[in-house]
Amino acid sequence: MNSSRHAFSLLELLAVIAIVAVLSVLVVPSFTHIAAGNALTRGAQVVADQVQLARQIAAGRNRDVQVRFVWRDDEPAGYRGVQLWSSSPTNVTEYVPLSRIAWLPEGTLISSSAELSPLIAHSPIPETTADFPGRGPTKFCGFRFRASGRTDLNFNSANDYVTVVRGADAEATAAPPNCAIVQVDPVNGHVRTYRP
Amino acid sequence: MPFRLPQFRLPRSKPGLRHAGDLTRGFTLLEVLAAAALLLLILAMTGAVVNSSSNVWRQANAKIETFQKAREVFEVMTGHLAKATLNTYWDYYDANFTAFSSANPAAVSNFDPKYYGRNSDLHFQCGRASKLLPQLPANLQETSTHAVFFVSPTGLAADPSHSGLSGLLSACGYFVAFGDDSAYKPGIVPTPPRHRWRLMEVTEPVEDLKVFSASGSSWFQNAVAQGRVRPVAENVIALIAWPRLPPQDDPDGTRISADYTYDSRTQAAWQGAPPRQPVQAHQLPPNLQVTLVALDEVSAGRLENGDTPPEEITAALAGLFEDVSKYEEDLNTLKTRLADKHIGFRIFSAILSLKESKWTES
């Protein structure tokens, strides 16, 4: 009878703490997994949105628009941003950015391996360095949208894609289980996103 | 005298008896369990509510996205169609109704012109897809409703050094087909093939344009048979192309074509005295009414049936859109049939004016 008036004993408390610890060990990784998956989905969305915007601007303003993948050196190093460039309205020989750089979410990047991102490995604007306003010399590569809404990519449509991966998978040459693929149709510029 | 803490005595209760003032007592295990159970119950209930509302949101989003895509594609397609060209010219025809420019080179010196008539090296054709496309590539199983093929100045060239020539002609066409996406998706995507009805586009670069060397419809039939087609929108189940005069001249829309077919390379005979060229020969219809029927992804996913087209869709389209005078009736039948199966759909329709058409019936 007296025992019902005790508070918890140390043993009881320890047992509860142990259960909570075990549960959180089981649950937390799946949460970080979900968060990482979300970041990849958003990253693919950023790339797809910029490509669609480029197509619209090219058709709407009747001029070529460049889609540039922007390199960042800080961890994880890789192509981590997209920016649209077009010839300046006052001087057609000079290219100027149309918008700010759209960065991919923290911890994600566009793979540069030929297997995962053939569009980057064989990009019509090969990897080069140019002065980016506000950033200084920056490495980039990319492709162009023509005013007709088509791209300057090869006709081989199934091979024009980039893969958004996590920083840890930057060197992967086979599709990691968690990645997002953005495919551009070279003829009509339509964008398709695959999320295996 | 040593300092003493004031003694504070809690009222004592009898063992086993509970009342509100008893502060020394902890919770009993039963109470804690009951509280935890209640908490879990509340969590489960809120979870269920959140889950179901996120499901509703996802479904609504899937619908909106499919229809957005269909609308966007409809705009692009009608933009291309409106630029269709035939570049019609006047030509001599002999007593056998052979045009001077299509006569056998050996016979040119003996050519005996008898009539004037329209002629064109290009082609515009629309009609039932199953008749226009006798052969499909391996990844497409079936076509539905109509198809339209034309030549348009899109400036499309496979050779990048031709990219500045924006007026280059290319073969264009649209049709609706059922098949899987294995030929179009990146090789590294491990997901199983998706079987859907899709709006397909034929866009041949100028280098592959065979409309000049082929006399009939083989210029687009070969392109399709060899798989030079690309999907532009998923879950489009019907494309209806109706060549007609402007509505004020032709309220019923039957004067150009009664069965939706139109062929600018028609082999129909010249009729009357003096003989007149068939009205469809070598001219573009002035107007084209284009209608797309798109499903939402939720319904399409529910109907998925492997590599055979879903029966519900085949049944809903059976026997429709063969007679232009029944267009409204057929469209209403289709709406009723789809709604009866609880399939979400949307219809896009517009009457395009083909700017290059110089229509004459004389």
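The values are calculated or read from the model by the stated rules, or taken from the named source; none is laboratory data. Bear in mind that the values here come from a model prediction, so they are computed numbers and not experimental data. Note that each Cβ is placed from the backbone with ideal geometry, even for glycine, and that neighbours are counted across all protein chains shown. Side chains included, ligands, DNA and RNA excluded: accessible areas come from the protein's heavy atoms. Shrake-Rupley method; radii C 1.70, N 1.55, O 1.52, S 1.80 Å.
Observations on the structure shown:
- Residue count, the stretch B:325-351 (criterion: open to solvent by 20 Å² or more (accessible area, probe 1.4 Å) and not in a loop (DSSP other than H, G, I, E, B)): 17
Here's the yes/no breakdown for (1) among the β-branched types (Val, Ile, Thr); (2) within 14 Å of chain A (Cβ to nearest Cβ); (3) closer than 22 Å to B:Leu122 by Cβ; (4) surrounded by fewer than 17 Cβ atoms within 10 Å (Cβ to Cβ):
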site	(1), (2), (3), (4)
B:Thr191	yes, yes, no, yes
B:Leu199	no, yes, no, no
B:Asp208	no, yes, yes, no
B:Val211	yes, no, yes, no
B:Gly216	no, no, yes, yes
B:Ile237	yes, no, no, no
B:Asp252	no, no, no, yes
B:Ser264	no, no, yes, no
B:Gln277	no, no, yes, no
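- Residues of the stretch B:250-272 that are touching a residue at least 40 places away in the same chain (Cβ under 8 Å) and assigned to a loop (DSSP other than H, G, I, E, B): B:Asp252, B:Gly253, B:Thr254, B:Ser257, B:Ala258, B:Asp259, B:Tyr260, B:Thr261, B:Ser264, B:Arg265, B:Ala269, B:Trp270.
- Residue within the stretch B:148-163 that is part of a loop (DSSP other than H, G, I, E, B), more than 11 Å from chain A (Cβ to nearest Cβ), touching a strand residue (DSSP E or B) at 6+ places or on another chain (Cβ under 8 Å) and crowded, with 20+ Cβ neighbours inside 10 Å present: no
- Only one of the numbered conditions (1) at negative phi; (2) in contact (Cβ under 8 Å) with a residue 40 or more places away in the chain; (3) within 14 Å of chain B (Cβ to nearest Cβ); (4) not hydrophobic (A, V, I, L, M, F, W, C) is violated by A:Asn62, and that is (1).
- Consider the stretch B:76-100 and keep the residues that are part of a loop (DSSP other than H, G, I, E, B) and in contact (Cβ under 8 Å) with a residue 24 or more places away in the chain. The one that is most open to solvent (accessible area, probe 1.4 Å) is B:Asn87.
- Applying a threshold of 6 Å to beta carbon distances and a minimum spacing of six or more residues, or different chains, the list of pairs starting in the stretch B:144-164 at a residue that is assigned by TED's automatic domain parsing to the domain that holds B:Val293 and ending at one that is acidic (Asp, Glu) and in a helix (DSSP H, G or I) reads B:Ala158/B:Glu207.
- Screening B:Ala273 with (1) open to solvent by less than 60 Å² (accessible area, probe 1.4 Å); (2) of a type in the set (Gly, Ala, Ser); (3) over 27 Å from B:Lys69 (Cα atoms) gives one miss only, at (1).
- In the stretch A:90-115, the qualifying residues are those that are in contact with a Lys or Arg (Cβ under 9 Å, 6 or more places away or on another chain) and open to solvent by 70 Å² or more (accessible area, probe 1.4 Å), and the one that is modelled with the highest pLDDT is A:Trp103.
- Among residues of the stretch B:101-133, those that are in contact (Cβ under 8 Å) with a residue 40 or more places away in the chain and either of a type in the set (Val, Ile, Thr) or in a strand (DSSP E or B) (or both), counted: 8
- Selection status of B:Gly127, in the same structural domain as B:Arg276 (by TED's automatic domain parsing), at pLDDT below 80 and either under 30 Å from A:Phe145 (Cβ atoms) or not β-branched (Val, Ile, Thr) (or both): no
- Residues that are in a loop (DSSP other than H, G, I, E, B) and facing chain B (nearest Cβ under 9 Å) within the stretch A:147-176 comprise A:Ala147, A:Ser148, A:Gly149, A:Arg150, A:Asp152, A:Asn154, A:Phe155, A:Asp160, A:Ala174, A:Ala175, listed in sequence order.
- Selected residue (only one of B:Glu312, B:Glu322 is over 30 Å from B:Lys114 (Cα atoms), assigned to a loop (DSSP other than H, G, I, E, B) and in the same structural domain as B:Ser215 (by TED's automatic domain parsing)): B:Glu322
- Residues of the stretch A:114-135 that are part of a loop (DSSP other than H, G, I, E, B) and either farther than 17 Å from A:Asp169 by Cβ or in contact with an Asp or Glu (Cβ under 7 Å, 6 or more places away or on another chain) (or both): A:His122, A:Ser123, A:Pro124, A:Pro133, A:Gly134, A:Arg135.
- Among (1) over 30 Å from B:Ser101 (Cα atoms); (2) at pLDDT below 90; (3) open to solvent by less than 10 Å² (accessible area, probe 1.4 Å); (4) out of contact with any Ser or Thr (no Cβ under 6 Å at 6 or more places or on another chain) - the single one B:Tyr184 does not satisfy: (3)
- Verdict on A:Ala35 being within 14 Å of chain B (Cβ to nearest Cβ) and within 30 Å of A:Thr163 (Cβ to Cβ): no
- Residue in the stretch B:170-181 that is open to solvent by 10 Å² or more (accessible area, probe 1.4 Å), within 13 Å of chain A (Cβ to nearest Cβ) and polar (S, T, N, Q) present: no
- Filtering B:Glu204, B:Glu142 for residues that are among the acidic types (Asp, Glu) and either within 14 Å of chain A (Cβ to nearest Cβ) or open to solvent by less than 10 Å² (accessible area, probe 1.4 Å) (or both) leaves a single hit, B:Glu204.
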